[in-house]
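Okay, so here's the structure we're looking at.
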Amino acid sequence: MNEQAVLSERRGRTILITINRPDQRNAVNAAVAAGIAQALDALDGDSELSVGVLTGAGKGFSAGMDLKAFVTGERPHVPGRGFAGIVQRPPDKPLIAAVEGFAVAGGLEVALACDLIVAARGARLGVPEVKRSLVAAGGALLRLPRALPRNVAMELALTGELIEAERAYELGLVNRLTDPGEALATAMELAETIAANGPLALAATKRVMAESVDWPGSEFFERQSEIVDPVWSSEDAREGATAFAEKRPPVWKGR
């Protein structure tokens, strides 16, 4: 009996999503893409979930596209979400990648589609596609130059060489650096910190930061208002202010 390619587990207001093909280095096939997309739909569609954590089973995050499956005609894409069910349209809510061992090629592109990256020391990251006369077409060429100095991103893309998590942390690509074996635990702690905040505010904050990259400065506040004004007038905003005044934890309702 085949195991599920992707596992999902609710932990409070966090959903833990695990690519579950450790014997195949968590390579992305059609089943993985469908499973990730389904889990992200659950994250976005459930008002009791605020944040997700995406990781890989076994010794690594993901080695990218399953080339054996690709040769047989499989296409690990989901309409509307793209490769691996995420790179074209990540979730509306915050998502953290927890990386052990390696996140290379499409595996790094999946991690880059997340909002934050937690990685263990010694984990290797990179997009080596050019070494096989392929192109990193799953978002790396868009997201790496936004996350790193342009010349560093260009070097990684053109050489195909890998860097270790320590260097990625120094460059700002990795948010939290952990001891080996601790990436998931640290990512879950970070998720818990995020999930304690107002869910409407989290989604609006992520949306503004994602979309405002292309906004003219003269239009920023007008466009931002369209997104954040409903949050300011929400029941949760009133609850946040009331809880602060009463010196108690807020009880969010997502409305």
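The values are calculated or read from the model by the stated rules, or taken from the named source; none is laboratory data. Note that this is a predicted model, so its numbers are computed, not measured. Cβ atoms come from the backbone with ideal geometry, glycine included; neighbour counts cover every protein chain shown. Side chains included, ligands, DNA and RNA excluded: accessible areas come from the protein's heavy atoms. Shrake-Rupley method; radii C 1.70, N 1.55, O 1.52, S 1.80 Å.
Between ARG10 and LYS131, what is the label-point separation in nm under the 7 Å Cα-to-beta-carbon projection?
Simple spin-label model gives 4.2 nm for this pair.
With axes computed from alpha carbons, what is the tilt in degrees of helix 220-232 against the longest principal axis of the chain, rounded to the nearest 10 within 0 to 90?
Taking Cα atoms only, the helix is inclined about 60 degrees.
Whole number please: convex hull volume per residue, Cα atoms of the chain, in Å³.
Details: hull volume 36.2 nm³, N = 255.
Spelled out: Cα convex hull of the chain, divided by residues, is 142 Å³.
Can you tell me the orientation of helix 30-45 relative to the chain, as the angle in degrees between its alpha-carbon axis and the longest Cα principal axis, to the nearest 10?
10 degrees
Does the stretch 22-127 come out rounded, prolate or oblate, given a ≥ b ≥ c as the square roots of the eigenvalues of its C-alpha gyration tensor, rounded meaning a/c under 1.5 and, failing that, prolate meaning a/b above b/c?
On the way: a/c = 1.94, a/b = 1.13, b/c = 1.72.
Taking the square roots of the gyration eigenvalues as a ≥ b ≥ c, the stretch 22-127 is oblate.
Quick check for you: with a 1.4 Å probe and neighbouring chains kept, what is the accessible area per residue of the stretch 16-83, in Å²?
Working: 2900 Å² over 68 residues.
On a per-residue basis, 43 Å².
Using θ = phi - 60° and the Karplus curve 6.51 cos²θ - 1.76 cosθ + 1.60, what whole-Hz ³J(HN,Hα) does each residue of the stretch 76-91 get, with Gly and Pro shown as x?
x, 10, 10, x, x, 10, x, 4, 6, x, 8, 5, 7, 9, x, x
Compute the angle between helix 199-211 and the longest alpha-carbon principal axis of the chain, please, reported from 0 to 90 degrees and rounded to the nearest 10.
With both axes taken from Cα atoms, the answer is about 50 degrees.
Please list the non-local residues whose amide H lies under 5 Å from the amide H of GLY52, H modeled 1.01 Å from N, same-chain partners needing a gap of 5 or more.
Close amide H contacts, sequence-distant or interchain: ILE15, LEU95, ILE96.
Can you list, largest first and rounded to whole Å, the semi-axes you get for the stretch 196-255 by taking the square root of 5 times each eigenvalue of its Cα gyration tensor?
Numbers: eigenvalues 139, 23, 15 Å².
Each semi-axis is the square root of five times an eigenvalue, giving 26, 11, 9 Å.
Count neighbours as other Cβ atoms within 10 Å of each site's Cβ, and list the chymotrypsin sites (Phe, Trp or Tyr not before Pro) in the stretch 16-94 that are DSSP loop with at most 16 such neighbours. Kindly include the intermediate steps, with their values, before the conclusion.
Values: sites: PHE61, PHE70, PHE83; in loops: PHE61.
In loop regions of the stretch 16-94 (DSSP not H, G, I, E or B), there are no sparsely surrounded chymotrypsin sites (Phe, Trp or Tyr not before Pro).
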